[in-house]
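**Student:** Mind having a look at this structure? Questions to follow.
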Amino acid sequence: MPKQQVKIDNIFHALGDSTRLAVVERLSRGPAAVSDLAKPFGMALPSFTQHLGVLEKSGLVRSAKSGRVRTYFLVPENLRSAQSWLKTQRKMWEKRLDQLDSYLQTLKEK
């Protein structure tokens, strides 16, 4: 599997979970410490950090540690690769639907 496809697969896998998607949405407003990110979810911290690990592995977030506090940051460039893939898919499907529409119009006219 090409490297780009693996990257996109990892991104969509990461975004496919509601907890991780909510974390990405939260990080779009700015960096946050793990404890702040975990508060709304009511789950054990080790479970929550597994979600952060998936996001980090996908390249959607990065972390930095200062003292005892680990802070996470969004990496928007990797969201752009998913957006680019979706744009390509949209163009392809719009073209196919236009072709289907044209075909159906010719059948209707007959």
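**Student:** Rounded to the nearest 20 Debye, what is the dipole magnitude of segment 18-110 about its Cα centre when Lys and Arg each give +1 and Asp and Glu each give -1 at the C-beta?
**Tutor:** I would put it at about 200 debye.
**Student:** Here's a follow-up. Got a sec? How would LEU60, LEU79, LEU52, LEU21 order by Cβ neighbour count within 10 Å, fewest to most?
**Tutor:** By the 10 Å Cβ count, ascending: LEU21, LEU79, LEU52, LEU60.
**Student:** Could you point to the residue in LEU37, TRP93, TYR103 farthest towards the positive end of the chain's charge dipole, with +1 and -1 charges on the Cβ of Lys/Arg and Asp/Glu respectively?
**Tutor:** LEU37
**Student:** With springs only between Cα atoms under 10 Å, which of ARG26, ARG68, ARG90 fluctuates most in a Gaussian network model of the chain?
**Tutor:** Judging by the Gaussian network model, the answer is ARG68.
**Student:** Follow-up question, since we're still on this one. Just to be sure I understand, if you calculate percent of Cα pairs over 21 Å apart for this structure, which of (i) 44; (ii) 48; (iii) 35 do you get?
**Tutor:** Identified label for the calculated read-out: (ii).
**Student:** Report, to the nearest 10°, how far helix 45-58 tilts away from the longest principal axis of the Cα atoms in the chain, using its own Cα long axis and a range of 0 to 90°.
**Tutor:** Taking Cα atoms only, the helix is inclined about 50 degrees.
**Student:** On to the next question. Summing -39500 (n - 2.57) over the DSSP H runs of n ≥ 4 in the chain and dividing by its residue number, what mean residue ellipticity at 222 nm do you reach, to the nearest 500 deg cm²/dmol?
**Tutor:** -22500 deg cm²/dmol
**Student:** Further question on the same structure: Just to confirm a number: summing +1 for Lys and Arg and -1 for Asp and Glu over residues other than LEU86 whose beta-carbon lies under 13 angstrom from that of LEU86, what do you get?
**Tutor:** Local net charge: +3.
**Student:** Any lysines with Cα under 24 Å of the LYS65 Cα? List them, leaving off those in the same chain fewer than 8 positions away.
**Tutor:** Straight-distance partners of LYS65: LYS39, LYS57.
Bear in mind these aren't lab numbers, they're just calculated from the coordinates by the rules spelled out. This one's a predicted model, so the numbers in the text were calculated from it and none came from an experiment. All Cβ positions, glycine included, derive from the backbone under ideal geometry; neighbour counts span all protein chains shown.
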